[in-house]
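Note sheet for the following structure.
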Amino acid sequence: MRVIAKSTLRKFWEQPQYADAQGPLESWYDEAVQATWASPQDVKMHYRHASICGNNRVVFNIAGNKYRLVVEMQYRAGIAWVKFIGTHAQYDRINAETVNEY
């Protein structure tokens, strides 16, 4: 998959209060760019705790569910577009199907 954009993830983990997210987000990124997800089922096979939402969104639990990553999947184009990364509490205040913070 082509992940748009690693800079969004980096911007998040470069904030001192979220520095512990760097390793888990880099691991997710490395796995995502190697993946060939063609459907939500493909994502679930690799990330069984991922939540499949409407509007082609997938929510990934990062760092033991400390953070939530919302990605819009464009399966045919092979694109995973980062739409939100934040704490669990921040995630609770957004709509995963429409959020477009980055």
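Bear in mind these aren't lab numbers, they're just calculated from the coordinates by the rules spelled out. From a predicted model like this one, the values you see are computed outputs, not experimental measurements. Positions of Cβ are generated from backbone atoms using ideal geometry, with glycine treated the same way; all protein chains shown enter the neighbour counts.
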**Asked** Once the other residues with Cβ under 10 Å from the Cβ of T8 are scored (Lys, Arg +1; Asp, Glu -1), what is the net sum?
**Response** +3
**Fill in**
Full extension between Q90 and A38 adds, at 0.36 nm per residue less the Cα distance, a length in nm of 15.8 nm
**Item:** Amide hydrogen neighbours beyond the local backbone of Y67, cut-off 5 Å, H modeled
**Value:** I62
**Prompt:** Tell me, what HN-Hα J-couplings in whole Hz come from the Karplus equation 6.51 cos²θ - 1.76 cosθ + 1.60 at θ = phi - 60° for each residue of the range 27-37, using x for Gly and Pro?
**Reply:** 5, 4, 4, 4, 5, 5, 5, 8, 6, 10, 5
**Request:** Using the Karplus curve 6.51 cos²θ - 1.76 cosθ + 1.60 with θ = phi - 60°, work out ³J(HN,Hα) for each residue of the range 63-73 in order, rounded to whole Hz, and write x for Gly and Pro.
**Result:** 6, x, 6, 6, 10, 10, 10, 9, 10, 8, 9
**Request:** Send over the semi-axes of the range 27-74's equivalent ellipsoid, whole angstrom and largest first, taken as the square roots of 5 times the C-alpha gyration tensor eigenvalues.
**Result:** 15, 13, 10
**Item:** the chain: calculated mean residue ellipticity at 222 nm from DSSP helix runs of at least 4, using -39500 (n - 2.57)
**Value:** -8500 deg cm²/dmol
**Fill in**
Residues of the range 70-98 with backbone N under 12 Å of the label point set 7 Å from the Cα of K11 along Cα→Cβ are 82-85
**Request:** Quote the charge dipole size of the chain about the Cα centre in Debye, to the nearest 20; the model charges only the Cβ of Lys and Arg (+1) and of Asp and Glu (-1).
**Result:** 140 debye
**Prompt:** Once the convex hull of the C-alpha atoms of the chain is built, how many Å³ does it hold per residue, rounded to a whole number?
**Reply:** 87 Å³
